[in-house]
Amino acid sequence: MRILRAAEYRSMPWKNGGGVTTEIAVSPAGAALDAFDWRVSMARVESGGPFSGFAGVDRTLAVLEGEGVVLDIAGRSAATVTRASAPLSFPADVPTQAALIAGPIIDLNVMTRRGRMTHAVERVVISAPTDIQSAADATLILSLDGGITVAGAAPVRIGPRDTLLLRPDAMKLRLEPARTASLFVIRIDRVAAND
């Protein structure tokens, strides 16, 4: 298990130059935007406009703060994403326009290279000790509001926007919230090679 602290995340310009993204984790480490296998990031979106395109990439978006966004994804009906809605998955290489519902948002973006990796993103609310274990190649647990202790011989406290990064051999984690807490559980798997 690695603990990724929010204060240590790397900020960089959006691919299209329209804002700033905060990179939580990327694989391989330090990979450029056109070379990652997977990437998890957050972005503050101040105004509507086009999304950056990522060839050969699948994307899931969730809203962490703000009222939400309406996405116009080519070939689909408009989709509304709010803090209460399920994360929305769509291809990152089709034209996508965003319209904010009421002011800026902060969103969570999970991207995987199609044909190489797959991912699933789940919003989880816990109010009692909860065990999480995953057989995924990588599991990330993003604490939205903090106040969570990872139980064990040396308990670790997780703050707002901190992330736990687990490998497939990670033991079962017991998360103990100080109060009701919201998490995002991100599971990333490598696509099996064809024989």
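The values are calculated or read from the model by the stated rules, or taken from the named source; none is laboratory data. Nothing here was measured: the structure is a model prediction, and the numbers come from that model. A quick note on method: Cβ atoms are made from the backbone with ideal geometry, for glycine too, and the neighbour counts reach across all protein chains shown. Side chains are part of the model used for accessible areas, which takes the heavy atoms of the whole protein and leaves out ligands, DNA and RNA. Shrake-Rupley method; radii C 1.70, N 1.55, O 1.52, S 1.80 Å.
Observations, loosely collected:
- The gain in end-to-end length when the Ala102 to Arg114 segment is fully stretched comes to 1.0 nm, 0.36 nm per residue minus the alpha carbon separation.
- 3J(HN,Hα) couplings calculated from phi for the range 160-169 with the Karplus curve 6.51 cos²θ - 1.76 cosθ + 1.60 (θ = phi - 60°) are, in sequence order, x, 6, 6, 10, 9, 10, 10, 9, x, 8 Hz; Gly and Pro show x.
- Solvent exposure of the range 1-151 as accessible area per residue, Å², 1.4 Å probe: 44
- Cα shape, the range 1-95, gyration tensor, a/c 1.5 rule: prolate
- Sulfur and carbon atoms: percent of accessible area, the range 1-159 [1.4 Å]: 53
- Amide H partners (placed H, <5 Å) of Trp14, local residues excluded: Gly19, Val20, Thr21
- Linear extension gain, Arg2 paired with Val20, 0.36 nm per residue minus alpha-carbon span: 4.0 nm
- Each 10 Å bin, from zero up to the one with the longest distance, holds this percent of the alpha carbon pairs of the range 38-157: 12, 40, 32, 14, 3, 0.
- Distance between the C-alpha centres of the range 89-120 and the range 122-195: 21 Å, rounded to the whole angstrom.
- Computed from phi, the 3J(HN,Hα) profile of the range 114-125 under the Karplus parametrisation 6.51, -1.76, 1.60 (θ = phi - 60°) reads 4, x, 10, 9, 10, 8, 9, 10, 10, 8, 10, 10 Hz, with x in place of Gly and Pro.
- Unit charges on C-beta of K, R, D, E only; dipole of the chain, Debye: 240
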